[in-house]
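These notes are about the structure you will find just below.
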Amino acid sequence: MDTKKSKGHLGLLLGVLFVISACSAQSPSTAPSSAPSAAPSTEASASASTAAESAAPTALAADPAEAVIKDIEPGASISVWTFWLSPTFDKWIGDTISRFKETYPGVEVKWEDHQATFQDDLKNAFAAGNAPDVINLSVGEGWVSDYATRNLLLPLDSVSQDVKSSYFEGLWKSQNVAGKNYQFPFYQGVSVELINKRFFEAAGLDPAAFPKSVEELPALCKTLKEKASVVCDLRLTVNDLLAQMVYEGNVKVLSDDGTAFTFDSPEGVAWLQMYADMVKDGTVDNTALTTKDDRTGLLIFSAGQAPFYQTGPNLIREVKANNAQLYGDLAVVPAPVGKSGVIGKGLMGMSVNAKTKYPNASMALAQFFTNARTLTELSKQSAVYPSSAKAFDDPYFSSTSPLIEDSARGSAEAAISKYADIVPTIPNKGDVNAVVLSAVEKALFGNVPVQQALTDAVTEANKLLD
Amino acid sequence: MTLRRRLTPYAFLAPALILLGVFVFYPIAAVIYYSLTDYDIVTPPVFIGLANFARLLDDDVLRLALLHSFVYLLVTPILIALSIALAIVVNRKLRGIHVYRALYFVPAVSGSIAIGLTWRWLFDRSGFINSVLVSWGVIHEPIQWLATPSLVLPLAMMLTIWAGIGYYSVIFLAGLQNVPEELYDAARIDGCNDLQKHWYVSIPALRPQIVFVGVISSLAALKVFDEIYVLTGRTGGILNSGVTMVFYLWQQAFERSNAGYASAIAIVLLLVTLGFSIVNVRLLERGESTAR
């Protein structure tokens, strides 16, 4: 009898465990996300709502004019890694590779998509000596310069001037190291502010009057807290704080000769003081402010708990999927600009492994993925945009759409053409960033005066330049 | 003895030795080597001698991580006390007691990441804990639990305790069921109340289990990682408030690509853990000889 009871209880326990396992498996995507923190999120997945555009687009026919790289190695067999594009864009990638093979006959291509573990996988591949020939790297997060400074990427300046000039100049010069370029500009994003109109209405604010500059945000957050009892969902780019200082605060972070850091200037102090005041006033969510995972803020916003969130319009579909009611209350306005006046820098690039056996074939594939024709097709499937002026001649970009996801389409070219990478290459960037992060946290949460925190950080960071 | 008979035992030992060699001894040797190099994983290591160890001496974050790891050891006595209490409670012949025993064991078989995520949601600014406290009027504004440096480590320790109680209580339950009932009868006859009965009979009888649980839970506390990783969202907490030795090692190796320096930290962790294990084993031996 006891044995039967024990078996019954064991069965009950197993049932409970299955339920818990199922619940755990369905937990939201808070698994560590490598998705870069640049305001336009990098997960360029198709918007389910743009049904017309994404309805099984037919593959483009090969065009010999796309064969712009010469002297392709005969019998080349190359591999390419993309970052978080599968499964949504499997067809687009497959069609692109097929068209590439028709354009450059005799080249074999093997494609892999890597996601949350992309950086770990890539580092392990480099260590093992089997890194892919062509690599989709984040420009926004500084991955290109990280690998270029370690001589792992091939400089691309040997391509023809026609190829170089086919891209927006600011994008071609993004993440240059010692004056050399290491990436073909891939798809781009446009920063927008998603606004939850309910909070703005409660606070008596007009979404159309959203601040045009970053320095106006503290006042807005104060009003929202006082009148709508909600805190702002702002985020520090904790993986690249110096870049955020440069764009938002117009801070000169490194001396011209590269021998000393200079981010403890009045501009640097003013930038950090802005955030310190918001933390002191309790007008920001401290967890969202310091998170490494750029999805944290999106999840908070999608749950209807934040008044606004800066991202790319391609992620509006995530808001719709998680909270259809909020989707109906959304407004979209351009993101505020920092004191630098520069809207942003490039989002994604395609780079070539320095040790590839087939440099010309690899450059051809990287360039092919980023040319006007290829990226225009991608734009028709998701709210991301091409890197070249010629692409925007397509009537698609001047057409209007009633969908809020497509609200940035008409202004995308103007925004992207002005993108520029104005951040100097930082030696020992990871360690320097850790020093800056420590200083920022001390100033925000540790009651250390901002000037002192930054000056101490400069002293410590300068040791890393030796 | 023929050669074959002499070699036969080694042949039986060989598979285990090979596995140990590949997955234990070789990695230890590799870590010792890498600790003497500047190694970022993607490019070949460059020998730099003891520079990484010299750097350890000046590293404030490492000192903080060591401190946090030792503070984390406080979970051990708390776990032991609560697990014994739970084992005593469920060591009864009550209807449905098996269900309770099974339910208390559920955290032990749930994934640490799932548990960590659940706690993170509970203590989120808009999470369940704040909702309840605000609705009861205990607080007027939500507390940013995981963004408050002084709360991160205590919350992680609470999570470890909550997740471990069921597992360790099973060990104590097994011990309690071996205690002769006559001892409790004798205690009752001598006038002991329930509390005294357990203090003078159960706990001394559980000494071997207490020492065992003390050793394994303290070693686990020194090596804590999952709780910090999930609760702090891979950051280690504001102002490194939750950074422990293993977390800092991971951070250096995989976030900052300082695998050489991380290897030096691993050597320190190895020595600390080894020292701790030796102390625990000595205590165990002393306890056994006292019992004899």
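Nothing in this text is a laboratory measurement; each read-out follows from the coordinates by a stated rule. The shown structure was predicted, so the numbers you read here are calculated from the model rather than taken from an experiment. Methodologically, a virtual Cβ is constructed for each residue, glycine included, from the backbone with ideal geometry; neighbour enumeration extends over all protein chains shown.
Counting every other Cβ atom within 10 Å of each residue's Cβ, A:160, A:138, A:77 order from fewest to most as A:160, A:77, A:138.
For the range A:93-108, putting each phi into the Karplus relation 6.51 cos²θ - 1.76 cosθ + 1.60 with θ = phi - 60° gives couplings of 5, x, 5, 5, 5, 4, 5, 4, 5, 6, 6, 10, x, x, 9, 9 Hz, in residue order, rounded to whole numbers and with x for Gly and Pro.
The mean sequence separation of alpha-carbon pairs under 8 Å and at least six residues apart, normalised by the residue count of the range B:18-70, gives a relative contact order of 21 percent. Relative intensity of the protein assembly as shown on a log10 scale, I(q)/I(0) at q = 0.05, 0.07, 0.11 Å⁻¹, equals -0.32, -0.61, -1.30, per a Debye sum over C-alpha point scatterers of equal strength in the absence of solvent.
Per-residue shielding of A:146-157, expressed as the average number of other chain Cβ atoms within 10 Å of the residue Cβ, stands at 1. For chain B, what relative contact order do you get, as a whole percent, if you take Cα pairs closer than 8 Å and at least 6 residues apart? That works out to 30 percent. Shielding by partners for peptide A:288-300, expressed as the average number of C-beta atoms from other protein chains within 10 Å of each residue's C-beta, is 3.
Within the range B:60-291, the percentage of alpha carbon pairs spaced more than 28 angstrom apart rounds to 43%. Converting phi to 3J(HN,Hα) with the Karplus coefficients 6.51, -1.76 and 1.60 and the offset θ = phi - 60°, the range B:84-98 yields 5, 4, 5, 4, 5, 5, 8, 8, 9, 9, 10, 5, x, 4, 5 Hz in sequence order, with x at every glycine or proline.
Using Cα-Cα distances under 8 Å and only pairs 6 or more residues apart, what relative contact order does chain A have, in percent? The normalised contact order for chain A reaches 25 percent. Among residues other than residue B:172 with Cβ under 13 Å from its Cβ, the summed charge is +2 (Lys and Arg +1, Asp and Glu -1).
Give the cross-link partners of residue A:380 among the lysines, using a straight C-alpha distance below 27 Å as the criterion and excluding same-chain residues fewer than 8 apart. The qualifying lysines are A:91, A:101, A:110, A:164, A:173, A:320, A:345, A:390, A:418.
Remark on residue A:109: its backbone amide H falls under 5 Å from those of A:78, a criterion applied only to residues 5 or more positions apart or on other chains, H modelled at 1.01 Å from N.
In this structure the amide hydrogen of residue A:387, modeled in the peptide plane, comes within under 5 Å of no amide hydrogen from residues 5 or more places off or on another chain.
A simple packing score, the average count of other Cβ atoms within 10 Å per residue, orders the peptides A:317-328, A:380-391, B:16-27, B:206-217 as A:380-391, B:206-217, A:317-328, B:16-27, with the highest score first.
If you bin every alpha carbon distance in the range B:163-221 into 5 Å steps from zero, what whole percent lands in each bin? Bins of 5 Å from zero give 4, 18, 25, 20, 14, 10, 6, 2, 0 percent of pairs. Each residue of the range A:361-376 is assigned a 3J(HN,Hα), and the resulting list reads 4, 5, 4, 4, 5, 4, 5, 5, 5, 10, 6, 4, 5, 5, 6, 4 Hz, derived from the Karplus form 6.51 cos²θ - 1.76 cosθ + 1.60 (θ = phi - 60°), x at Gly and Pro.
Each of B:262, B:158, B:184 was placed along the dipole of chain B (beta-carbon charges, centred on the mean Cα), and the one lying farthest toward the positive end is B:184. Taking 23 Å as the straight-line reach from the Cα of residue A:227, the lysines in range (excluding those fewer than 8 positions away in the same chain) are A:197, A:212, A:280.
For chain B, modelled as a GNM whose springs connect Cα atoms under 10 angstrom apart, the maximal fluctuation among B:75, B:152, B:134 occurs at B:134. The alpha-carbon of residue A:123 sits under 16 angstrom from the alpha-carbons of these lysines, leaving out residues fewer than 8 places away in its chain: A:355.
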